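Have a look at the structure below, then the notes.
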Amino acid sequence: MKYPIAHNFIAGKMVAGQGETLEVFSPTTGEVLSAVHLSETSEVSQAVASAQAAFPEWSGMPIKERVQIFYHYKTLLEQHLEQLAQLIVEENGKTLDEARAEVLKAVEVTEFACALPQLFPGEIEEVSKGVECRSERQPLGVVACITPFNFPNMVPNWTIPNVLAIGNTMLLKPSELVPLSANRIAELLRQAGLPDGVFNVIHGGQKAVEAICDHPGIEAVSFVGSTRVAKLVYQRATAKFKRALALGGAKNHLVVLPDAHTGMTASNVAASMTGCAGQRCMAASALVAVGPVDHIIEQLCREAGKIVPGKNLGAIISKQAKARIENYIAEAEKQGANVILDGRNISVPGHENGYWLGPTIIDQVTPDMPIAQEEVFGPVLAILRAPTLDKAIEIENSSPYGNAAAIFTQSGGLAKYFSERASAGMIGVNIGVPVPREPFSFGGWNQSKFGSGDITGKSSIEFWTKLKKTTIKWNPEARSNWMS
């Protein structure tokens, strides 16, 4: 193993786990990279106790003092950019450029947290003569964030800076497939000056997640992953009277109209379907071709053909995930779809044992096929045909998901028409990956999200805090009314 076993991080130090050990594989080589302990319920309780002990002092610090640590943390992320990116490449299989972009997004989210003193002030108003009302947001206490394999650095940092700068203490439960980035984040936070116990990392699988949902000392839980598990986490956490925000899967529809700019559309869609090997909830998954757009699809195939596994396309996370994706392709073929760009049977010289799949485009997909309905999570694009924009919107609206949708057109009127009718929380116009930038928040609709609020940006502040209202009167001579 290149790296030692990934231990839990509790009360400022690495603590060996007690549970079963799971090997961690490199997606690019298929080799064992490290190993990780799968924590038991007792270890979750140990981390909660650590966070509870740290909470009074941490939450009692003025927010301007807390964010100073995140100025240091931001600098450390920038200084260690290449090292952090390389770690992502090794445990996740991304390209180096994608990994760098992931860390830079973590930097941006941390910058937002540093601005919280300006976004977080309370309100005060004289509501009657001699009577003041004031409101202030306060941290919840100990919270937990459960994160997926596809963004080992960025998704944890969607929550860490905001959660902690607000004054909470926390547990992070990363995917057991990518434990190394989480531990490196813990080390950098400690180096930035974060007090022991404020941030803890618990590794594990289903047992750890269930323990987090059940533990009475945890006030709120966020989750990012598949819709199936998001539902389970949301139901279990809220059944224990916790706040919960669970982001699930996606089936993002990109609608292409005949007047769309050919080059821009083709390059955007190709990048959207293949970025992070399609293993992201914002990936283009279904293209709805409206009318005569074959010239754009031909150009799309040419652009996608330039994206080569091992060069500018990363690996699939596991052998099992690769087999599942290939099964979707084979099933679509059996049902009559036409594979016009086939990324199967790919071998990367020097990395023959890695989990590789090239860009794959499948035309003549019908709405009833599984590949048109379900999240594939790979560099695979299904093309559905629609005679009109209204029919395309009908196809998009029929999906149970609602993460993102985009339209490619040169008509502002048609773009507005689509934007108003698409059933998704994030809309793109001539943009294949419509991820909002800070301070705008990230979050979908329908079965892509369970709970209220979003996980980043201004919307996240309300989720991670509770509101205290105080009414004050000091002047006994003030005229009285029903208020006083």
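The values are calculated or read from the model by the stated rules, or taken from the named source; none is laboratory data. Since this is a predicted model, take the numbers as computed values, not measurements. Note: ideal-geometry Cβ built from the backbone for every residue, glycine included; neighbour counts use all protein chains shown.
Summary of computed values
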item	result
Flag for ASN162 being in contact (Cβ under 8 Å) with a residue 24 or more places away in the chain, more than 29 Å from ALA315 (Cα to Cα) and buried (at least 23 other Cβ atoms within 10 Å of the Cβ)	yes
Search result, residues across region 214-260 that are among the basic types (Lys, Arg) and in contact with a helix residue (DSSP H, G or I) (Cβ under 9 Å, 6 or more places away or on another chain)	ARG236, LYS240, LYS242, ARG243, LYS251
Subset of region 23-67 [hydrophobic (A, V, I, L, M, F, W, C) and under 30 Å from VAL348 (Cβ atoms)]	VAL24, PHE25, VAL32, LEU33, ALA35, VAL36
Test set (1) more than 30 Å from ALA53 (Cβ to Cβ); (2) assigned to a loop (DSSP other than H, G, I, E, B) - THR265 fails condition number	(2)
Failed condition for PHE442, given (1) within 30 Å of VAL127 (Cβ to Cβ); (2) touching a Pro at 6+ places or on another chain (Cβ under 9 Å)	(1)
Matching residues, region 261-275, being touching a helix residue (DSSP H, G or I) at 6+ places or on another chain (Cβ under 6 Å) and crowded, with 20+ Cβ neighbours inside 10 Å	THR265, ALA266, VAL269, ALA270
Filter pass, SER423 being surrounded by fewer than 19 Cβ atoms within 10 Å (Cβ to Cβ), among the small types (Gly, Ala, Ser) and within 23 Å of the chain's Cα centre (by Cα)	yes
Residues being surrounded by 18 or more Cβ atoms within 10 Å (Cβ to Cβ) and either among the small types (Gly, Ala, Ser) or within 17 Å of SER452 (Cβ to Cβ) (or both) - total across region 228-242	5
Unmet requirement for SER285, which otherwise passes all of (1) more than 24 Å from the chain's Cα centre (by Cα); (2) crowded, with 24+ Cβ neighbours inside 10 Å	(1)
Those residues of region 360-381 which are part of a strand (DSSP E or B) and aliphatic (A, V, I, L, M), in sequence order	ILE361, ILE362, VAL380, LEU381
Region 121-159 - residue that is aromatic (Phe, Trp, Tyr) and in contact with a strand residue (DSSP E or B) (Cβ under 9 Å, 6 or more places away or on another chain) and, of those, surrounded by the most Cβ atoms within 10 Å (Cβ to Cβ)	PHE151
Selection count where residues are surrounded by 22 or more Cβ atoms within 10 Å (Cβ to Cβ), not in a loop (DSSP other than H, G, I, E, B) and not β-branched (Val, Ile, Thr), scope region 243-260	7
Restricting region 311-325 to residues that are within 24 Å of the chain's Cα centre (by Cα) and of a type outside the set (A, V, I, L, M), the residue that is surrounded by the most Cβ atoms within 10 Å (Cβ to Cβ)	GLY314
Matching option when the condition is more than 18 Å from MET273 (Cα to Cα), in contact with a strand residue (DSSP E or B) (Cβ under 8 Å, 6 or more places away or on another chain) and surrounded by 22 or more Cβ atoms within 10 Å (Cβ to Cβ), among ALA382, ALA392	ALA392
Scope region 339-359; condition over 29 Å from the mean Cα position of the chain (by Cα) and either within 13 Å of VAL380 (Cα to Cα) or part of a helix (DSSP H, G or I) (or both); matching residues	VAL339, ILE340
Looking only at region 343-366, and only at residues there that are without any contact (Cβ under 8 Å) to a residue 60 or more places away in the chain, surrounded by fewer than 21 Cβ atoms within 10 Å (Cβ to Cβ) and in contact with a helix residue (DSSP H, G or I) (Cβ under 8 Å, 6 or more places away or on another chain), the one that is nearest to MET273 (Cα to Cα)	ARG344
Qualifying residues in region 436-452 (those that are closer than 23 Å to CYS276 by Cβ, part of a loop (DSSP other than H, G, I, E, B) and of a type in the set (S, T, N, Q)) - the one modelled with the lowest pLDDT	SER441
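Each row is one residue, and each column tells you yes or no for (1) assigned to a loop (DSSP other than H, G, I, E, B); (2) among the charged types (D, E, K, R).
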position	(1), (2)
TYR417	no, no
ALA424	yes, no
GLY428	no, no
PRO434	yes, no
ASP454	yes, yes
GLU462	no, yes
THR471	no, no
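The rows are residues; the columns are (1) farther than 20 Å from ILE160 by Cα; (2) in the same structural domain as ILE383 (by TED's automatic domain parsing); (3) of a type in the set (Phe, Trp, Tyr).
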{"residue": "ALA208", "(1), (2), (3)": "no, no, no"}
{"residue": "PRO216", "(1), (2), (3)": "yes, no, no"}
{"residue": "ALA286", "(1), (2), (3)": "yes, yes, no"}
{"residue": "PRO292", "(1), (2), (3)": "yes, yes, no"}
